[in-house]
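Enquirer: Mind looking over this structure? Questions follow.
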Amino acid sequence: MRVTKIGLPTDNWHHFLRLRDLRQIVDEMPMTGVSRVLELGAGDGVQTAALRELFSQVVPIDIAPSGQVPGMVMADASKLPFADGYFDLVFSSNVLEHVSQLEESLNEMKRVLAPNGIMIHSMPTTTWKAVQIVARPVASMIKLIKTFLPGFIDQTQRYGGRSHILDPDTTSTAKLRFSKMFGQLIPTIHGTSNNHIQEFFRFRTGWWIKKFGESGLRCYRLSPLFFHSPYGMLPYKFLYLRERLAVAGLASVRVFWLR
């Protein structure tokens, strides 16, 4: 479970988490016979670059990439433009919970997977979902304070004391900003579920194993990854504690190893 942090980015918490998780997966992965890799939902390509250091051919696909990634294929997972049995490994990181046509996509992944190939998919857990809901008000209040406090100080210096409160334009703007911020106290749905309750149940390990089984895929291994705090809270803090929490059953992300 212990993963070295050497070489991981120190200026981008999201990239740190993704590359840290990928490093653990690679450490547990059987590398023999794996050369052609399909990466679903490659995003900005941070994991693509890391995978290309290990495998001879990595094909990233995304329906809406968030960056310029060399060799990116614009494709829907439910209609993969590849030959049968072409890839030794099909990999995704926090992607499948966003796929609306899940059954069709899993069947397509199975179609392009070599007979002895493996699939590796990581997804959020119920732990992550629970923390997302509980932590949202805290994260929003922190954002609220950071947004309003500088403005309050600037206006106080400009008008003196409390006189800025009587300024009509300032009051109108403050109300609009407060209304917008208050709406952020309620977390958004992370994946394709209709509500938070449904999403909580869909993030269960058993739900995913059942879905994989319905598509003829056998989950032969599960791996807890890390305790990720949502909303970028406490970045780079308590790294050892996060690992221990994951080992104790509070991982925010879990890996499903499939054949």
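Rule-based calculations on the coordinates, nothing more; no lab input. Values in this document were obtained by computation on a predicted structure and should not be read as measured data. Here the Cβ positions follow ideal geometry from the backbone for every residue, glycine too, while neighbour counts run over all protein chains shown.
Enquirer: Just to check your reading of the model, which residue among 112, 69, 90, 134 is free of Cβ contacts under 8 Å to residues at least 40 places away in the same chain and in contact with a strand residue (DSSP E or B) (Cβ under 7 Å, 6 or more places away or on another chain)?
Expert: 69
Enquirer: Could you grab the pairs with beta carbons closer than 9 Å, sequence gap of 6+ or different chains, first residue in segment 37-52 and closer than 10 Å to residue 65 by Cβ, second one among the hydroxyl-bearing types (Ser, Thr, Tyr) and assigned to a helix (DSSP H, G or I)?
Expert: 42/48
Enquirer: While we're on this one: If we scan segment 3-18, do we find a residue that is over 20 Å from the mean Cα position of the chain (by Cα), β-branched (Val, Ile, Thr) and closer than 23 Å to residue 113 by Cα?
Expert: No; the residues of segment 3-18 include none that is over 20 Å from the mean Cα position of the chain (by Cα), β-branched (Val, Ile, Thr) and closer than 23 Å to residue 113 by Cα.
Enquirer: Would you be able to say whether some residue in segment 247-257 is outside any loop (DSSP other than H, G, I, E, B), over 15 Å from residue 127 (Cα atoms) and under 17 Å from the mean Cα position of the chain (by Cα)?
Expert: Looking for residues that are outside any loop (DSSP other than H, G, I, E, B), over 15 Å from residue 127 (Cα atoms) and under 17 Å from the mean Cα position of the chain (by Cα), one finds at least one in segment 247-257, hence yes.
Enquirer: To continue, here is another question. For segment 25-44, how many residues meet the condition of being touching a Lys or Arg at 6+ places or on another chain (Cβ under 9 Å) and farther than 26 Å from residue 108 by Cβ?
Expert: Count: 0.
Enquirer: Right, another one. I'm trying to understand the selection: among the residues of segment 201-259, which are among the aromatic types (Phe, Trp, Tyr) and either surrounded by fewer than 16 Cβ atoms within 10 Å (Cβ to Cβ) or free of Cβ contacts under 8 Å to residues at least 24 places away in the same chain (or both)? Please lay out each step first, then the result.
Expert: Restricting attention to segment 201-259, the residues satisfying the condition of being among the aromatic types (Phe, Trp, Tyr) are 201, 203, 207-208, 212, 220, 226-227, 231, 236, 238, 240, 256-257.
If the condition is that a residue be among the aromatic types (Phe, Trp, Tyr) and either surrounded by fewer than 16 Cβ atoms within 10 Å (Cβ to Cβ) or free of Cβ contacts under 8 Å to residues at least 24 places away in the same chain (or both), then 201, 207, 220, 236, 238, 240 are the ones that fit.
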